[in-house]
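Peer 1: Just dropping this structure here.
Readers should treat all values here as calculations from the given coordinates under stated rules, not as data from a laboratory. Since the structure is predicted, the reported quantities are computational estimates derived from the model, not experimental observations. So basically every Cβ, Gly included, is an ideal-geometry build from the backbone, and we count neighbours across all protein chains shown.
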Amino acid sequence: MKMAFSLSFSQTNNPLKKKISSIFLVAILFLTSIGHSSDEISYSQENAKKYAKFGIEGTSWLSFRDIPFYVKKYVKGKKTLDLGCGAGRSTRFLTALGLDVVGVDISEQYLKEAVFIDPKTHFFLSEKGKIPSIENSYDFVFSSFVLIMIPTKEELKNTVKEVCRILKKEGIFIVITGSEEMHSIDKKWLSYETSFPENKNPKSGDRLKVMIKKVGAIFYDYNWLEDDYSKLFTSNGFEILETHHPLGKDNEGYAWSSEKECSPYIVYVLKKK
Ligand SMILES: C[S@@+](CC[C@H](N)C(=O)[O-])C[C@H]1O[C@@H](n2cnc3c(N)ncnc32)[C@H](O)[C@@H]1O
C-alpha cells in the first residue's frame with residue numbers, strides 16, 4: 001500500500017510533488033531499515049522477492065542492451081555460467097541468446113526465486129569465491145551486478161581467479177558492474193534512487209546504497225573504481241578486450257534522465273590469457 005502510494009506519487013510531473021515524494025520514499029526506506037545490517041537487507045528474503053519482480057527494464061535494460069553484440073563478437077561455444085545469477089533474470093537473458101546456461105549464486109533466498117520462475121534451468125549454490133565446477137570447462141562466464149556486491153579486494157581476487165580456473169583457454173568473461181557515477185547523489189536515473197547520505201564523496205571500497213524504484217529493493221554495493229577493476233582483472237589471468245559505458249539514446253522507448261549524458265554502468269569484456 002505504502003509502495004503503491006509512493007510510486008504513483010513519484011510519477012507526477014509536478015516538481016514540488018516529486019520532491020515530497022522523494023523525501024517520503026527515503027523516510028520509508030530509513031524506517032524499514034532500522035535494526036537490520038546492510039548485508040541482511042541486501043540478502044533478505046524480502047529483498048530477493050522484490051528483486052525477482054524486476055526484469056531487464058528501465059535503466060537496467062541499458063546495461064544488457066549491448067551484450068548480444070559482444071556475445072556474438074567474442075564468445076565461441078555455448079557452455080555458459082551465470083555467476084551471481086540472483087533471481088535468474090540474467091540467466092534467462094543468456095538462455096534467450098541460445099546459450100547453454102547454468103546459474104550459480106551464494107544466496108539461497110535468491111536461488112529459490114530463480115528456480116520458482118524457471119524450474120527447467122539448473123541453478124546451484126556456491127560458497128563465496130568458490131565455483132563447484134571443474135577447471136577449463138566453460139566457454140563463457142557472465143556476471144551482472146555481482147562484483148559490485150563483493151566487499152573486499154581479497155574476495156574479489158578469489159572470485160576472479162575462480163572464474164579464470166573454470167574457463168577454457170581464451171574463454172570469455174563479461175562483467176556488468178556499476179560505473180563510478182552509478183551511486184552519485186547528483187544523478188537522476190530512471191529506475192534507481194541514489195540520493196542517500198552514505199553516497200556522498202565515496203572512496204574506493206566504501207559502501208553505497210541504491211534502491212530500485214519500481215520494486216523497492218535495496219542494495220548496499222561497494223564502490224570499486226575503474227582502476228580497481230582493471231588491476232583486478234589484469235592481475236588475475238585476464239586480458240581486457242573492451243570496456244563500454246552504455247548511454248541512453250533517443251527513441252529507445254524510455255524517458256532517460258541522466259542516462260543520456262552519463263553511464264551508470266561499465267561493461268568489461270575479458271579474455272582468459
Ligand atoms: C544484484 S544481484 C544480480 C543478479 C543477476 N545477475 C541479475 O543481473 O539480475 C547480485 C547477486 O550476486 C550474488 N553474489 C554476491 N556475491 C557473490 C559471490 N561472491 N559469488 C556468487 N554470487 C554472489 C548475490 O547473492 C545476488 O544474488
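Peer 1: Given H placed 1.01 Å from N in the peptide plane, which residues other than close sequence neighbours of Leu208 have an amide H under 5 Å from its amide H?
Peer 2: Asp221, Tyr222, Asn223
Peer 1: Also, quick follow-up: With each label point set 7 Å from Cα along the Cα-Cβ vector, what nm distance links Ala255 and Ala96?
Peer 2: Label-label distance for Ala255 and Ala96, simple model: 2.4 nm.
Peer 1: Which of Leu125, Leu167, Leu111 ends up with the largest GNM mean-square fluctuation for the chain, with Cα atoms connected below 10 Å?
Peer 2: Sorting by GNM fluctuation, first place goes to Leu125.
Peer 1: For the residue pair Glu40 and Lys53, what label-to-label distance in nm results when each label sits 7 Å from Cα along the Cα-to-beta-carbon direction?
Peer 2: Result: 2.3 nm between the two label points.
Peer 1: What is the Cα centroid distance between segment 207-240 and segment 61-129, reported in whole angstrom?
Peer 2: For segment 207-240 versus segment 61-129, the Cα centre distance is 18 Å.
Peer 1: Moving to a separate point now. Starting from the Cα-Cα distance between Ile134 and Asn158, subtract it from 0.36 nm times their residue separation and give me the gain in nm to one decimal.
Peer 2: 7.1 nm
Peer 1: Tell me the mean residue ellipticity at 222 nm calculated for the chain from its helices only (DSSP H runs of n ≥ 4, each -39500 (n - 2.57), averaged over every residue, nearest 500).
Peer 2: Rounded to the nearest 500, it is -10500 deg cm²/dmol.
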